[in-house]
1. With the checklist (1) touching a residue at least 12 places away in the same chain (Cβ under 8 Å); (2) surrounded by fewer than 24 Cβ atoms within 10 Å (Cβ to Cβ) in hand, flag the one item residue 399 doesn't pass.
2. Scan 199, 176, 227, 246 and give me the residue that is modelled with pLDDT under 95, of a type in the set (Phe, Trp, Tyr) and under 17 Å from residue 424 (Cβ atoms).
3. Working carefully through the options 385, 408, find the one that is surrounded by 22 or more Cβ atoms within 10 Å (Cβ to Cβ), of a type outside the set (Ser, Thr, Tyr), closer than 23 Å to residue 355 by Cα and assigned by TED's automatic domain parsing to the domain that holds residue 330.
4. Any residue in region 346-353 that is more than 26 Å from residue 207 (Cβ to Cβ) and buried (at least 23 other Cβ atoms within 10 Å of the Cβ)?
5. So which residues in region 120-140 are crowded, with 19+ Cβ neighbours inside 10 Å and in a loop (DSSP other than H, G, I, E, B)?
6. For residue 308, state whether it is within 24 Å of the chain's Cα centre (by Cα), surrounded by fewer than 20 Cβ atoms within 10 Å (Cβ to Cβ) and either free of Cβ contacts under 8 Å to residues at least 60 places away in the same chain or in the same structural domain as residue 413 (by TED's automatic domain parsing) (or both).
7. How about region 125-160: which of its residues are over 19 Å from residue 214 (Cα atoms) and more than 8 Å from the ligand (Cβ to nearest atom)?
8. What pairs come out if I take residues in region 185-211 that are not assigned by TED's automatic domain parsing to the domain that holds residue 413 and among the acidic types (Asp, Glu) and pair them with residues that are away from the ligand (no atom under 12 Å from the Cβ) and at pLDDT below 90 whose C-beta lies under 8 Å away, six or more apart or interchain?
Amino acid sequence: MNSRVAFHIVWVVSTLIVVAYGLGMVEYGFAIWEGRLPRALDAMALAMSPDMVWGRNGYPDWVTPLYALFERNRLAMTAHILAGSAVLVLGFTQFVPPLRRRWPRVHRTVGFVVLLSMVITLVGATVRLAAEPAELTYSGPGFDVVLWYLSVIGILTLSQAVIALVRRDYRQHMVWMALAWAAFLTAPSLRVNTSALFWLYGGLHEHANFAAGAMALVETGLLMLLWLRFVGEPDLPARGPQATRWPRWMLSAMAVCAAAMAMHEGVLAPLGADAFAGLRGELGTLPLTAIPWGLATAGAALGGVRALEGSLEGRTPAGWWHITVALAGLGALGVAATTPAGGLLTQPVNAVFLTLGITSIALLLGSLRGGVNTLERRPWSVTLAFFTWAPSVLVLGAALGLMFGLTADELYVVGLVLGPTTMSLLGICTANAAVVRLGLTRSERPGRLVSSPGR
Ligand code: HEM
């Protein structure tokens, strides 16, 4: 099947899920306001297990403490959920270029409503996060850090989209809005992933929920990378250089840090030469099966700088780099298959390796399929180069976790979870030349909002 057709099928199916979820959540918002349990719990009981939802037959009761927390933050949560529903039900229309070209006023009016709803959703989420201690967040304090991270990504991408709009730089507006939409799409993708992981691994809902959080933004980011490639780019092509440039020292530092982390966590620690042995908790180290992943990831990360620079200049990355990436992807799947499933923190570790494996292989296939055509190949190979540096974020994640007073195990898991997410977002920004701007000066050469350049 032609990849453009395949993308459109995936896009339509995911949009239907997003709109259905958004509509379903309207009742949820009113239920929180009225202080009763939402009907969505019945749907969840049907989709997963009544015992799990109602805390019977060995399952703990998570509904009582969670809804007590929502009760304490009733205004913030009601505003969050109702505005979030409006975003999901209306937002997709902004990503249909023929609608925008034909009815530009509708695009502007609906765009204003969606933008306002996005701001309310983010304010509600941030107020709720700030109001309660991290330990009370469902799925624990590590998940609280992940939710803070998602709020910050939402605020950053949305503010950049607004700045670009004021500057009349519509190309940048489109790219940042695609990324903001990816952040909002995590709401339905998190719930779909949770049900899938619950069925796959069994166990407790809070474990599946944290694991699903490890995958959500990578998944929705990749969906928007596809949208930018097949819909956005042809509609509003970039005018100048098509990829953000980074200082070489920064790329090299990320590559060396990723290689060092992959070697330590994947090879040295499982063999007993563990520099952090005294710090680790119950999670322990990765199993010996992580050795192929560690070695291949170190090679792929170090080769990533040249591969990225080559991709940006229209050259095909070296064959050996593709081989290391393929081995790293397969190695990650091997780790996911052999790490014991079950605990609150082991499930996200599993999910991170599953995400690393599936995403690396998917990006690699996309990049090989593009052959010598630069435009076809670049989005995938640029994102892939960044993706090989996911282990470098362990350091940043651990530092973030320290600020929240997390345990050593939680620090480790948060660092692992934020790696693929951060690197896929940086890759998508780079491949689409997203530029961070602080000033509101209008662009000298405004992009076109309503006309299609045709190609
Ligand atoms: C970047 C966007 C978003 C962020 C950062 C975010 C963040 C949050 C946070 C912090 C909570 C509280 C979790 C807890 O107390 O355990 C929450 C809960 C919730 N959010 Fe969002 N959210 C976002 C988008 C959305 C959207 C678009 C919807 C669509 C309706 C939505 C629906 C909900 C619902 C229904 C809950 C209640 C808890 C649940 O059923 O899991 N959120 N969100």
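1. Residue 399 satisfies all of (1) touching a residue at least 12 places away in the same chain (Cβ under 8 Å); (2) surrounded by fewer than 24 Cβ atoms within 10 Å (Cβ to Cβ) except (1).
2. Only one candidate passes the filter, namely 246.
3. Numbers: 408 fails: surrounded by 22 or more Cβ atoms within 10 Å (Cβ to Cβ).
Step by step, each of 385, 408 is checked, and only 385 is surrounded by 22 or more Cβ atoms within 10 Å (Cβ to Cβ), of a type outside the set (Ser, Thr, Tyr), closer than 23 Å to residue 355 by Cα and assigned by TED's automatic domain parsing to the domain that holds residue 330.
4. Taking every residue of region 346-353 in turn, none turns out to be more than 26 Å from residue 207 (Cβ to Cβ) and buried (at least 23 other Cβ atoms within 10 Å of the Cβ).
5. Selection gives 137, 139.
6. On the way: within 24 Å of the chain's Cα centre (by Cα): yes; surrounded by fewer than 20 Cβ atoms within 10 Å (Cβ to Cβ): no; either free of Cβ contacts under 8 Å to residues at least 60 places away in the same chain or in the same structural domain as residue 413 (by TED's automatic domain parsing) (or both): yes.
The answer is no for residue 308.
7. Across region 125-160, the qualifying residues are 127, 130, 131, 133, 155, 156, 157, 158, 159, 160.
8. As it stands, the answer is 206/344, since those pairs meet every condition given.
The values are calculated or read from the model by the stated rules, or taken from the named source; none is laboratory data. All values reported here derive from a predicted model rather than from experimental measurement. Quick reminder, even Gly has a Cβ in these numbers, built from the backbone with ideal geometry, and neighbours come from all protein chains shown.
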